[in-house]
Amino acid sequence: MGRLAGKVAIVTGGGGGIGSAVARRLVKEGAKVTVADLFADLAEAAAGPLGEAALPVRFDAADPASIEAMVMTTVNHFGRLDILHNNAAMTDPAKHPLDTDAVNIPIDIWDEIIDVNLRGYLLGCKYAIPHMVKGGGGSIINTASNSGSAGDLARIAYGSSKGAIITMTKYIATQHGRQNIRCNSVAPGVVLTEALDKTAPGLKEIIKRHVLTPEFGTPDDIAALVAFLASDESRYITGENISISGGGLVHQPHYADLLELMEQHLS
């Protein structure tokens with residue numbers, strides 16, 4: 001029996017690289033999982049190999065009624081809800097280049113990113129928490145980002161949404177902790193997915209200079225952390241934002257340049 005045996009989970013953005021890895025890991029740990037995604041074919045592709053333990057559901061993170069229906073479909077199908085992994089995000093590659101800075105970003109792009117990335121998470125919590133309380137408690141894991149903790153040259157809406165997710169996580173943990181609801185966020189750095197090169201070509205080579213571990217993380221690394229936070233092994237952890245980025249935020253800004261200088265002197 002796995003450490004999530006008897007638990008029921010929802011993974012949004014479940015058809016993507018991280019979401020599908022999380023769904024696989026949660027099922028491996030014994031949970032039953034709703035794999036929810038905007039694209040039904042991706043949800044079905046991720047859920048299919050998991051058999052009866054997984055339920056594919058199409059949902060739209062920008063549509064409150066769709067989010068409520070996703071939660072109700074899960075509860076009606078599996079009988080309860082214990083884990084919510086809010087992981088969906090606005091990933092349209094045609095719109096990412098428009099997420100620039102405060103002066104140049106189109107307001108409709110700002111609104112769409114905030115609606116999907118932030119409001120969608122709030123609504124997931126809004127509709128999931130009453131069912132979790134009814135079942136005796138639950139664990140919510142929100143996907144944030146290192147972009148929510150430090151500024152960058154572009155993607156002001158994305159970074160702002162992720163920073164707000166980190167803060168919202170603390171509020172949910174505070175307001176519902178005595179109802180046995182835990183809420184944490186995970187903040188990935190660069191993770192090797194198929195979408196990475198499409199949305200940010202060349203980014204891996206730039207970021208690699210600042211990562212302390214020998215290799216980049218993979219979706220399975222994120223899934224392992226989510227599974228831990230979903231389990232009772234993390235019962236005393238709530239309201240925290242955990243960066244999972246190979247140490248990308250722990251060092252001085254000049255780390256990469258100084259390391260290269262030292263290596264030149266040693267060569």
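The values are calculated or read from the model by the stated rules, or taken from the named source; none is laboratory data. Since we're looking at a predicted model, the values are computed, not measured. Here the Cβ positions follow ideal geometry from the backbone for every residue, glycine too, while neighbour counts run over all protein chains shown.
Going through GLY138, GLY159 one at a time, which residue ends up being within 23 Å of VAL27 (Cα to Cα) and not β-branched (Val, Ile, Thr)? Steps first, answer last, please.
On the way: GLY159 fails: within 23 Å of VAL27 (Cα to Cα).
The conditions single out GLY138.
From the list THR169, THR213, which residue is of a type in the set (Ser, Thr, Tyr), assigned to a loop (DSSP other than H, G, I, E, B) and either closer than 18 Å to LEU98 by Cα or touching a residue at least 12 places away in the same chain (Cβ under 8 Å) (or both)?
THR213
Just need a number here: residues in the stretch 71-103 that are of a type in the set (Val, Ile, Thr) and within 21 Å of ILE156 (Cβ to Cβ).
Pass one, the stretch 71-103, residues of a type in the set (Val, Ile, Thr): 71, 73-75, 83, 91, 100, 103.
Adding the requirement that they be within 21 Å of ILE156 (Cβ to Cβ) leaves 91, 100, 103.
Looking only at that region, the number is 3.
What do you reckon, is PRO93 assigned to a loop (DSSP other than H, G, I, E, B), at pLDDT below 95 and not β-branched (Val, Ile, Thr)?
Spelling it out, PRO93 is indeed assigned to a loop (DSSP other than H, G, I, E, B), at pLDDT below 95 and not β-branched (Val, Ile, Thr).
If ALA150 meets every condition in (1) surrounded by fewer than 17 Cβ atoms within 10 Å (Cβ to Cβ); (2) modelled with pLDDT of 95 or more apart from one, which number is that one?
Of (1) surrounded by fewer than 17 Cβ atoms within 10 Å (Cβ to Cβ); (2) modelled with pLDDT of 95 or more, only one is false for ALA150: (2).
Does THR74 qualify as being outside any loop (DSSP other than H, G, I, E, B) and polar (S, T, N, Q)?
yes
Pairs needed: first member in the stretch 40-51, closer than 8 Å to GLY15 by Cα; second member anywhere, charged (D, E, K, R); C-beta distance under 7 Å; at least 6 residues apart or different chains.
ALA43/ASP37; ALA43/ARG58
Which members of the stretch 239-264 meet the condition of being assigned to a loop (DSSP other than H, G, I, E, B), surrounded by fewer than 16 Cβ atoms within 10 Å (Cβ to Cβ) and either hydroxyl-bearing (Ser, Thr, Tyr) or without any contact (Cβ under 8 Å) to a residue 12 or more places away in the chain (or both)?
GLN252, PRO253, HIS254
Restricting the first residue to the stretch 135-155 and requiring it to be under 15 Å from ASN117 (Cα atoms) and in contact (Cβ under 8 Å) with a residue 12 or more places away in the chain, which pairs with a second residue that is in a helix (DSSP H, G or I) and of a type in the set (Asp, Glu) meet a Cβ separation below 6 Å and a spacing of at least six or different chains?
Filtered contacts from the stretch 135-155: no entries.
What about LYS28, is it of a type in the set (Lys, Arg) and surrounded by fewer than 22 Cβ atoms within 10 Å (Cβ to Cβ)?
Spelling it out, LYS28 is indeed of a type in the set (Lys, Arg) and surrounded by fewer than 22 Cβ atoms within 10 Å (Cβ to Cβ).
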